[in-house]
Structure formats: structure tokens, C-alpha cells
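Working notes, beginning with the structure itself.
The values are calculated or read from the model by the stated rules, or taken from the named source; none is laboratory data. Just so you know, these numbers come straight off a predicted model, no measurement behind them. Reconstructed Cβ throughout: ideal geometry from the backbone, glycine too, with neighbour counts over all protein chains shown. Accessible surface is based on the protein model in full, side chains and every heavy atom, while ligands, DNA and RNA are left aside. Shrake-Rupley method; radii C 1.70, N 1.55, O 1.52, S 1.80 Å.
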Amino acid sequence: IHAVASRSKGFGDVLARPRTAFAASLARHMKRHWLWLLLAAPLIAGLARLRFDADVLNLLPADVPAVRGLQWHQRHFANSRSLLITVRGDEPDTVATAARELATVLSAQTNLVESALWQPPWLEHPADAAENLAWLWLQRPPGELAALAARLTGDALTRHLADTREALATSLDPQELARASYDPLGFTQLPSAGPGGGFDQGNGVFVGDEGRFRVIHVEPANVAMSYREAATWLDSVRGQVSQTVGGEGPVKVAYTGGPAFLAEIATGMESDLRNSVLTTLAVIAVLFWLAHRSLRPLLCLLGALAVTLVGTLALGGLFFGTLNVVSAGFAAVLLGLAVDYGLVGYQEARAYPGEPLARLRR
């Protein structure tokens, strides 16, 4: 810089000329590529709006009634939002203690968990027994509700109370005596056919294998989690479980349910698709290098493929907002097709040096 400045009229003139040349070059470049500059704004907006959907059902045609019914069932009826934590061990008392401790610890984490149940709700929260009983009756067919109303009306009610008093006087069944004493009208005696056969049932949803296996139903605080949020949430829950029961001990803990499926399947698909795209680019780069041994066109080719991929995703986000991660997996296939045009174009440029790009493309 000192040598150049000493031979020039002034140091400022030396710096002014490059700035002027750069400005002129930039102006020519912007005039030539004004269309690309106009496209930059919507592409940036599309990338900001882009979301990935991990629901496999959304790949199916939405206008098919069976698909639409299954989606509604999963969204409003199936308990797909709950995380199921299974606790297995050799001693039923140890398993029960571990399940109770886990439910207590998770319930205290209100920023993570809405509720954590390790036994039927009417045992976990006795004050809610009336609401739970009403809900069980509402799930019965209309005819059974009509029979209940008829049993509690007029002479039928008198006969029912007389039968209950007779059962209290003569029965030797402790369970029947306890139930009739607290429920003489028989609200807890639901018909045995179908789901929800009785108010005293429901342990089978939480405990099995003679007490050596238990299930904790955990409701997330945020039920509308994305798959990335579900993976982070599941890691936090696992951390709380590890601190409570430890990694190695008398009980074994496992995870299943909607959030576990969402986190595992979606992150697995994302990893597979990312590896597929990167592997495709690596194979393209290796084959191009082996064939042409030229670095600059190789970098241009990979850059063009990257711009094509990012631009396509941005357009998808701009027009659709959400793309399914499985659909995005076809990017690896399309990259392999797009690179063919780049290779053909480069080969034509090598075969006909000096030809204009427009003619080479034609």
C-alpha cells in the first residue's frame, strides 16, 4: 500500500478508484440480474413460513372419507396425545412404588406435564368420582340410560331399594356389601357388556401381569407440539425419570404413545432424508471430480444444486406453508435428475469453447 501510494497523486485517489470500479461493477451486476433480486424477497418469506409436517396420515388424499374419519378420530377421540411410561419389575410392591413416585414427580413439573396418572382417576382423585361415573354412563347406549331412568322411577325405585336392603341383610360378599352401603341406588353398577363395564374396573389400563407391570399416562402441557418440540419434551421427561428411578435398578422403564412415536419417527425420517440428500451431493461431487478433475465447475455445480434445493423449499413454504417430511425426501431423487443437466451443459461447454451460454443451453 505504501509503495502504491508513493507513486500516485494521493492515497485517497488510490482508494477512490477501486470503490468507483466496484460500484460500477455492482450496478452492472444488479441490472443484469434484477429478476433474481426481485425473487429474493418472496423466497426469504417462504423460508420463514416453511414448516415440516411429520404426520404420515397427511400424505393420504384428504378427500377420501376413510382418511378424513381416521384423522378426526386421531385428533379428537384417540388418546394419541398422551405419553405412556411403562414400569416393569419382579416385585409388585417395588413397581407400584416406582410408578407412584414417577407420577408424583412428573405431576409437579407443571411446565412439562398437565397430568400424570398411575391408577384409575377415581382412585387418584376421589373427589372427581361423580364426574367420572357420569362420563361412564354417558358412554352407554341410549337404551341402557333409559333402563336406568326407569329403575329410579316410581314403584321400580321402591322395589330396587327393597332388594338392596335384602342384599345388605343376607349377602356374604364383602364387595357387594361395601358397594350397596355407599351406593344403594346402584349408580356404580354399569352393564358389563362393552367398554366401561363397571365403575370399579379400569385397573387393567394401568396395571397388568399381577402387578409386575404398570403404565403411567402422562398428558403434555402443550398438546400441539411439533416433532422437534416433542423430541425436546421427551428428553426432559426422560431426564426427570432417570433422576427418580435411575438408569439401572429393580425396575425397567420404557416409553410409548403419541409423543414418543412423533419424536422418534419424525426425527428418524428427518435424519434419513438429510443423510440421503448429503450422500447424493457427495456422490455427485466424487463422480464429477473423477471425470473432469476441475474444482471451479464442481463448486459451481454444487452451489447451483444447493440454490435449487433451497429455492424449491422456499417456494413450497410460500405457497403451501407446510411440507410433509416424506415428500421432502424426494429432493434427493430430484437432485440426481437436476445434476444431469449441469453435467450435460458443462460437457457441451468443454466441447464447444467460446460458445454463448444461451446457445449451449439450447
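A few comments on the model shown:
- The range 100-151: projected area of the alpha-carbon convex hull, averaged over directions, in nm²: 4.8 nm²
- The distance linking the range 222-239 with the range 133-148 is 37 Å (Cα centroid to Cα centroid, whole angstrom).
- The label-point distance for residue 135 and residue 171, in a model that sets each label 7 Å from Cα toward Cβ, rounds to 2.6 nm.
- Per residue, the convex hull volume that the Cα atoms of the range 320-362 enclose (Å³): 89 Å³
- Candidate residues 86, 232: accessible-area rank, largest first, probe 1.4 Å: 232, 86
- Accessible surface, the range 223-308, averaged per residue in Å² (probe 1.4 Å): 58 Å²
- Among 265, 44, the order of accessible area from largest down is 44, 265, computed with a 1.4 Å probe on protein heavy atoms.
- When the Cα gyration tensor is reduced to axis lengths a ≥ b ≥ c, the ratio a/c is 1.5 or higher for the range 251-318, and with a/b not above b/c it is classed as oblate.
- Given R0 = 30 Å, the distance between the Cβ atoms of residue 283 and residue 47 translates into a calculated FRET efficiency of 0.70.
- Scoring 134-140, 280-286 by mean Cβ neighbours within 10 Å over their residues and listing the highest first yields 280-286, 134-140.
- For the range 200-295, the equivalent ellipsoid derived from the alpha-carbon gyration tensor has semi-axes of 44, 15, 13 Å in decreasing order.
- Here the accessible area is traced with a 1.4 Å probe on the protein chains. For the range 231-306, carbon and sulfur cover 63 percent of it.
- Computed over the range 67-178, Cα set: Rg, Dmax in Å: 20.6, 56
- Mean separation of Cα contacts under 8 Å (6+ apart) over length of the range 215-362, as relative contact order %: 23 percent
- Rolled with a 1.4 Å probe across the full set of protein chains, the surface gives residue 312 an accessible area near 80 Å².
- Contact order relative to length of the range 92-141, as percent, for alpha carbon pairs under 8 angstrom and 6 or more apart: 20 percent
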